[in-house]
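Each value in this text was obtained by applying a stated rule to the coordinates, not by laboratory testing. Just so we're clear, the structure is a prediction, and the values are computed from it rather than from any experiment. In this analysis, Cβ positions are derived from the backbone assuming ideal geometry, glycine residues included, and neighbour counts consider all displayed protein chains.
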Amino acid sequence: MTRLALVLVIIGALNWLLVGLFQYDLVASIFGGATSILSRVVYTLVGLAGIYCIGLLFRDDRREV
C-alpha cells in the first residue's frame, strides 16, 4: 500500500512540475481533459495517496538490531 501511495504521489508531483514549467497537464492530456471522469479519478487517487503519505512523516521506522 505504501509503495502504491508513493508512486501516485510521484505521478502527481511530476504532473505539477509539467504544469508549473510548461503549462501542460499530462493527466488531462492522457485521459481526455481535466474534467473527464478518468482524469478526476486519477486526481482523486493522487490526493488520497497524498493524505495517506502524511502518515509516513510521523511513522517511526527505526529498527533495533
Report summary line: Residue-ordered couplings for the stretch 48-61, obtained by feeding phi - 60° into the Karplus form 6.51 cos²θ - 1.76 cosθ + 1.60 and rounding to whole Hz (Gly and Pro as x), are 5, 5, x, 5, 4, 5, 4, x, 5, 5, 9, 7, 9, 9
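Mind pulling the per residue volume of the convex hull built on the Cα atoms of the chain? Å³ is fine. Mind dumping the intermediate values first?
On the way: hull volume 6.2 nm³, N = 65.
Hull volume normalised by residue count: 95 Å³.
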Report summary line: Rounded to one decimal in nm, the spacing of the 7 Å Cα→Cβ label points at SER29 and LEU6 is 2.7
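Restricting attention to the stretch 15-58, which chymotrypsin sites (Phe, Trp or Tyr not before Pro) occupy a DSSP loop and are surrounded by at most 15 other Cβ atoms within 10 Å? Please list the in-between numbers first.
On the way: sites: TRP16, PHE22, TYR24, PHE31, TYR43, TYR52, PHE58; in loops: TYR24.
Filter output for the stretch 15-58: TYR24.
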Query raised in the report: With θ set to phi - 60° and the Karplus curve 6.51 cos²θ - 1.76 cosθ + 1.60, what are the ³J(HN,Hα) couplings of the stretch 3-11 in order, to the nearest whole Hz, using x for Gly and Pro?
Result: 5, 4, 4, 5, 4, 5, 5, 5, 4
